[in-house]
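Beneath this line is the structure, given in structure tokens, with notes to follow.
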Amino acid sequence: MESYIDSLIENLYATQFSRGSQESPSYEDGVQLLVDVFTEHKQVGSQVFFVGNGGSAAIASHMTADFMKNGGMKTYSLYDNAVMTCMSNDYGYENIFSRPLDFLAKQGDLLVAISSSGNSPNIIRAIDTVTEKKGVVITFTGFRPDNKAKQRGDINVYVPCEKYGMVESIHTIILQQVVDTILERDGARL
């Protein structure tokens, strides 16, 4: 048990944060970068979209609620069953997020793309759609450093680990830390 927690902590602190080609020098600086970016979007009232598959979809759904309720942001869930089945049936699973984003996303909006491998076609198409609309993309990935999502993000959070559970846990911890920091600073909207 201790070795798992030790490995989790080691991978958490090995996580790389970058904006363009510039890497944050420390974990704390990386989290502060994320807090700053989310704060900018909160202040201007941008829409914030979270997307992911499998375990990452659960993270995306959870963070959609937390960033709305606790972060006071305009988040929208793309996980309604009728919308998902409609999009996948009519446009193919690879467009399950890109088609709704094509309808909903506007210039300056924020997409948080969560993918352990960073290579899921539906995540890549969502990133490309938001990029075409001149939105901002934050990627949360793991596995290989040359994954497709990381190559497309404006800001990238990369966990250098090839274990799904470890990568997903670290993505959750970081996003939770960001929203909790915003909540502590701004208070809850009642």
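The values are calculated or read from the model by the stated rules, or taken from the named source; none is laboratory data. All values reported here derive from a predicted model rather than from experimental measurement. We place every Cβ from the backbone using ideal geometry, glycine too, and count neighbours over all the protein chains shown.
Quick notes
- Verdict on Val83 being closer than 18 Å to Leu101 by Cβ, touching a strand residue (DSSP E or B) at 6+ places or on another chain (Cβ under 9 Å) and aliphatic (A, V, I, L, M): no
- Any pair with Cβ under 6 angstrom, 6 or more apart, that starts in the stretch 61-89 at a residue that is modelled with pLDDT under 95 and crowded, with 20+ Cβ neighbours inside 10 Å and ends at one that is polar (S, T, N, Q) and part of a helix (DSSP H, G or I): none
- Subset of the stretch 27-45 [more than 15 Å from the chain's Cα centre (by Cα) and crowded, with 20+ Cβ neighbours inside 10 Å]: none
- Some residue of the stretch 168-188 being of a type outside the set (Gly, Ala, Ser), under 20 Å from Ala57 (Cβ atoms) and over 13 Å from the mean Cα position of the chain (by Cα): no
- Considering the stretch 1-26, and only residues there that are touching a residue at least 12 places away in the same chain (Cβ under 8 Å) and surrounded by fewer than 13 Cβ atoms within 10 Å (Cβ to Cβ), the residue that is nearest to the chain's Cα centre (by Cα) turns out to be Gly20.
- Selection from the stretch 9-34 of residues that are closer than 17 Å to Thr139 by Cα, out of contact with any helix residue (DSSP H, G or I) (no Cβ under 7 Å at 6 or more places or on another chain) and either aromatic (Phe, Trp, Tyr) or part of a helix (DSSP H, G or I) (or both): Ala14, Asp29, Gly30, Gln32, Leu33
- The number of residues in the stretch 53-66 that are within 20 Å of Phe17 (Cα to Cα) and either part of a strand (DSSP E or B) or not aliphatic (A, V, I, L, M) (or both) comes to 1.
- Across the stretch 161-176, the qualifying residues are those that are closer than 23 Å to Gly71 by Cα and not β-branched (Val, Ile, Thr), and the one among them that is surrounded by the fewest Cβ atoms within 10 Å (Cβ to Cβ) is Gln176.
- Top-ranked residue in the stretch 118-133 [being more than 13 Å from the chain's Cα centre (by Cα) and under 21 Å from Val167 (Cα atoms); ranked as surrounded by the most Cβ atoms within 10 Å (Cβ to Cβ)]: Ser120
- Criterion violated by Tyr158 - all others in (1) closer than 27 Å to Ser88 by Cβ; (2) of a type in the set (Ser, Thr, Tyr); (3) crowded, with 18+ Cβ neighbours inside 10 Å satisfied: (1)
- With a requirement of 2 or more residues that are of a type in the set (S, T, N, Q), the helices (runs of 4 or more DSSP H) lying completely within the stretch 101-190 that satisfy it span 121-132, 164-186.
- Count of residues meeting criterion [in contact (Cβ under 8 Å) with a residue 12 or more places away in the chain, closer than 24 Å to Pro100 by Cβ and in a helix (DSSP H, G or I)] in the stretch 35-52: 5
- So Val112, is it crowded, with 20+ Cβ neighbours inside 10 Å, closer than 30 Å to Glu10 by Cβ, of a type in the set (A, V, I, L, M) and within 12 Å of the chain's Cα centre (by Cα): yes
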